Amino acid sequence: MKIVKKKSNNLDFQEIIDTPETEIVEENITLDESFIKNRALIRMDMNIIQYPIFSKNTKRKTNQIVKYYFNNNRDTYITVTPASGYHIPGEMEEKVFIVLMKIMKDKGMPQKFWVTLSELKKELGLNTNRANELIKKSLLRIANTFYSFKNTMYFNELKSVLKEEITRSIFELDIVSLERKENAEIKAQINDKRIKEIYQIKISDFFYKNILAKGYLVYDAAVLLDIESSTARTIYMLIEKLRFNEVYLKIDVMYLIKRIPLKYDKSNIGRTVKTLIKSFQELKDKDLIKNFVLEKEGTWENAEVEVFFYDFTVQDKQQRFLMI
């Protein structure tokens, strides 16, 4: 509960804003190297694909701040902070963001660009009556979420990871009403006269310069959006990056669990592994991978996944990554 004092006609009054108390949740996604067989993976520079930008938690709470720790010293972390009255971005926001990246790329990579709900709805393939409402809420949720990076953000100009803590949002959002007279010039440029408002997206400098070119822009948006499971989508982006130009990749189960990240509980890790298997099966069913084999010797902490790719995907990947 928050009480805000305001003045009206020189009289003091109180406006009561009923919002849940802020809650901070900490998640340790530190990779214990003693369990990891492929050490090369954990020494790779991270980018947006390996950041927990969009939560996999389907039970996110309003006003809940999530802090992800990447090491035992707790000096390498990312904090995700929603605006008051919001929860952190999840699967719907990830899909909206992917579409925004596609539109930005199609427009020639401008840092600032206009979109309409109709464009976004079409790209997302949403036909529900609540589509506009869902998309607008997702845009607001992303724009009003702030990410704090400590020893986790690669700064392109310095060619190194920033040591100090920085806080940024992904983009700024301006909602422009086309019914206002001052926006008549903008309205004249819109062919569909049924559209009442448009959305100006301005990618923040830091994300624009340091992350986007190394992240979602190298993937086919249609392919990503066709993947139903958010976990499968993240796995696909990770393994596509990690396999380089190979048609085979062997990756630790613990690496995947921590990097996605998924809930990790030693006493119930089998349930999490089932989620991984289901996600890999979806990728196989969609021919995004040729096959996968789960290898377990002893505990799940020592398990690995062998992933096999089709030969033709090597050239396809090279073309996509060279375009950026």
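The values are calculated or read from the model by the stated rules, or taken from the named source; none is laboratory data. All values reported here derive from a predicted model rather than from experimental measurement. Backbone-built Cβ (ideal geometry, glycine too); neighbour counts: all protein chains shown. We work out accessible area using only protein heavy atoms, side chains counted, and drop any ligands, DNA or RNA first. Shrake-Rupley method; radii C 1.70, N 1.55, O 1.52, S 1.80 Å.
Would you kindly derive the ³J(HN,Hα) couplings of segment 180-194 from the backbone phi angles with the Karplus curve 6.51 cos²θ - 1.76 cosθ + 1.60 (θ = phi - 60°), listing them in order in whole Hz, with x for Gly and Pro?
These are the phi-based 3J(HN,Hα) values: 7, 4, 5, 9, 4, 5, 5, 4, 5, 8, 9, 5, 7, 6, 6 Hz.
Sort F171, F146 by accessible area with a 1.4 Å probe, largest first. Before the final figure, lay out each step's value.
Values: F171 0, F146 95 Å².
Correct descending sequence by accessible area is F146, F171.
Of the peptides 232-241, 51-60, how do they stack up when ordered by the mean number of other Cβ atoms within 10 Å, highest first?
232-241, 51-60
How long are the three semi-axes of the equivalent ellipsoid for segment 62-201, computed from the Cα gyration tensor as the root of 5 times each eigenvalue, in whole Å, largest first?
Details: eigenvalues 214, 62, 38 Å².
Taking √(5λ) for each Cα gyration eigenvalue gives 33, 18, 14 Å.
Under 12 Å Cα-Cα from K241, which aspartates and glutamates qualify once same-chain neighbours fewer than 8 residues away are excluded?
Partners found: D45.
A 25 angstrom limit on the alpha carbon distance is what I want to check against. Which of K61/K163; K122/K187; K112/K150; K136/K181; K163/K209; K150/K250 exceed it? Numbers along the way, then the final one.
Values: K61/K163 30 Å; K122/K187 20 Å; K112/K150 27 Å; K136/K181 23 Å; K163/K209 18 Å; K150/K250 30 Å.
In this structure, K61/K163; K112/K150; K150/K250 exceed 25 Å between Cα atoms.
Kindly rank 184-195, 119-130 from highest to lowest mean number of other beta carbons found within 10 Å of each residue.
Values: 184-195: 10.3, 119-130: 14.2.
Ranked by mean Cβ neighbours within 10 Å, highest first: 119-130, 184-195.
Place the peptides 261-274, 131-144 in order of packing, highest mean first, counting for every residue the other Cβ atoms within 10 Å and averaging per peptide.
Numbers: 261-274: 13.4, 131-144: 18.5.
Order by mean packing, descending: 131-144, 261-274.
Could you tell me which of the pairs K59/K317; K258/K284; K121/K274 are separated by over 29 angstrom between their Cα atoms in the structure shown?
On the way: K59/K317 35 Å; K258/K284 22 Å; K121/K274 32 Å.
The answer is K59/K317; K121/K274.
From the phi of every residue in segment 255-272, what ³J(HN,Hα) in whole Hz does the Karplus formula 6.51 cos²θ - 1.76 cosθ + 1.60 yield, where θ is phi - 60° and glycine or proline is x?
The phi angles translate into 4, 5, 4, 6, 7, 5, x, 10, 4, 10, 9, 3, 7, 9, 5, x, 5, 5 Hz.
When ligands, DNA and RNA are left out and all protein chains stay put, how many square angstrom of accessible area per residue does segment 149-296 have with a 1.4 Å probe?
Values: 7500 Å² over 148 residues.
Ligands and nucleic acids excluded, the result is 51 Å² per residue.
Counting only residues 5 or more places away or on other chains, whose amide H sits under 5 Å from the amide H of V161 once H atoms are built in the peptide plane?
F155
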